[in-house]
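*Asks:* Before anything else, here's the structure in question.
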Amino acid sequence: MPPSDVRKSSAGGGVQSLERAFALLEQMADAGGETGLSELAASSGLPLPTIHRLMRTLVACGYVRQQPNRRYALGPRLIRLGESAARPLATWARPHLARLVEETGETANMALLDGDAVVYVAQVPSRHSMRMFTEVGRRVLPHSTGVGKVLLAGLPDREVRALLRRTGMPSATERTITTPEAFLAELRAVRENGYAVDDNEQEIGVRCIAVRVPDSPTAAAISVSGPAGRMTDAATEKMVPLLHEVATDLSAALAGTDEDI
């Protein structure tokens, strides 16, 4: 959050130090979970003494830890918060995913971008018996999944390049995209088409169609995945409008959760 946004928000009744602390945590997450004070100063625009004071408080609370090299990393207490936040999110998402399963016959998933990885937070399985890599709680690298592609498509190319440098681009199958240039070209197509496809890139025999949940409080995507033989181009044409409709309904449901705050 830029300093101007922090000041504007605080003027509306917020607590500025809290807003700044959460903004620093988000910037650390965007940087892969570890960063230095000078990098935080450059990205936030806040004075170094202010950042140092906030980071000392976050370290004391366990939300940040200082590494032997003096850099800062996200702390273990955030794991409990993240897990607790994911549970109600899955509850809100499940009826919408169930609609996808009912209308497509395939497995429906919801995933979030958590640091440099994609984590699956909700799933309604297909009635067909087929075990796939998509399981609640599973973390995967975003470059080989439909949900990962559609989530990264919302970031500037420079941030995508930085993430790919941190994670590498290991091949899960022979269809996995393994070069930054090819992946950025794929993201351009995702932005133009409004959806992403994982075509045997994470698991041979499995195809996945994903869209972003618009205006979600945190970057989220939903997908439908199934055997490549059923997830044809013709099936994709029918599924994409449905996915967008369900994503919009889910976005409205998530927005409605804070109406009384």
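The values are calculated or read from the model by the stated rules, or taken from the named source; none is laboratory data. If you're wondering where the values come from, they're calculated on a predicted model, not measured in any experiment. In this analysis, Cβ positions are derived from the backbone assuming ideal geometry, glycine residues included, and neighbour counts consider all displayed protein chains.
*Asks:* Condition (residue is part of a loop (DSSP other than H, G, I, E, B) and more than 19 Å from Leu112 (Cβ to Cβ)) applied to the stretch 239-259: is it met by at least one residue?
*Replies:* Taking every residue of the stretch 239-259 in turn, at least one turns out to be part of a loop (DSSP other than H, G, I, E, B) and more than 19 Å from Leu112 (Cβ to Cβ).
*Asks:* Now for a separate question. Determine which single condition Gly205 fails, assuming it passes every other condition in (1) closer than 20 Å to Arg138 by Cα; (2) surrounded by 22 or more Cβ atoms within 10 Å (Cβ to Cβ).
*Replies:* Result: Gly205 fails condition (2) only.
*Asks:* Quick check on the stretch 213-225: of everything there that is among the aliphatic types (A, V, I, L, M) and part of a strand (DSSP E or B), which residue is farthest from the chain's Cα centre (by Cα)? Full working, then the answer.
*Replies:* Taking the stretch 213-225 first, the residues among the aliphatic types (A, V, I, L, M) are 213, 219-222, 224.
In the following step, the residues that additionally are part of a strand (DSSP E or B) were identified as 220-222, 224.
Numbers: Ala220: 5, Ala221: 7, Ile222: 11, Val224: 16 Å.
By that ranking, first place goes to Val224.
*Asks:* Let me ask something else. Could you tell me which residue of the stretch 226-238 is surrounded by the fewest Cβ atoms within 10 Å (Cβ to Cβ), considering only residues that are in a loop (DSSP other than H, G, I, E, B) and hydrophobic (A, V, I, L, M, F, W, C)?
*Replies:* Top of the filtered list is Ala228.
*Asks:* Which of the residues that make up the stretch 155-182 are surrounded by 13 or more Cβ atoms within 10 Å (Cβ to Cβ) and more than 17 Å from the chain's Cα centre (by Cα)?
*Replies:* Met169, Ala172, Thr173, Arg175, Thr176, Ile177, Thr178, Pro180
*Asks:* Do you know which residues across the stretch 1-21 are at pLDDT 70 or above and surrounded by 15 or more Cβ atoms within 10 Å (Cβ to Cβ)?
*Replies:* So the first thing to find is which residues in the stretch 1-21 are at pLDDT 70 or above, and the list is 15-21.
Residues satisfying the conditions are Glu19, Arg20, Ala21.
*Asks:* Does Val147 meet the test of being modelled with pLDDT of 95 or more and either crowded, with 22+ Cβ neighbours inside 10 Å or under 30 Å from Glu19 (Cβ atoms) (or both)?
*Replies:* Answer is yes for this residue.
*Asks:* Where in the stretch 37-120 are the helices (runs of 4 or more DSSP H), entirely inside, with at least 1 residues that are closer than 30 Å to Met231 by Cβ?
*Replies:* Details: elements: 37-44, 48-61, 77-104.
Fully inside the stretch 37-120 and qualifying: 77-104.
*Asks:* Would it be correct to say that Ala210 is closer than 14 Å to Leu151 by Cβ, surrounded by 23 or more Cβ atoms within 10 Å (Cβ to Cβ) and at pLDDT below 95?
*Replies:* no
*Asks:* Taking the residues in the stretch 202-231 that are aliphatic (A, V, I, L, M) and touching a His at 6+ places or on another chain (Cβ under 8 Å) as candidates, determine which candidate is nearest to Leu155 (Cα to Cα).
*Replies:* If we take residues in the stretch 202-231 being aliphatic (A, V, I, L, M) and touching a His at 6+ places or on another chain (Cβ under 8 Å), then Val211 is nearest to Leu155 (Cα to Cα).
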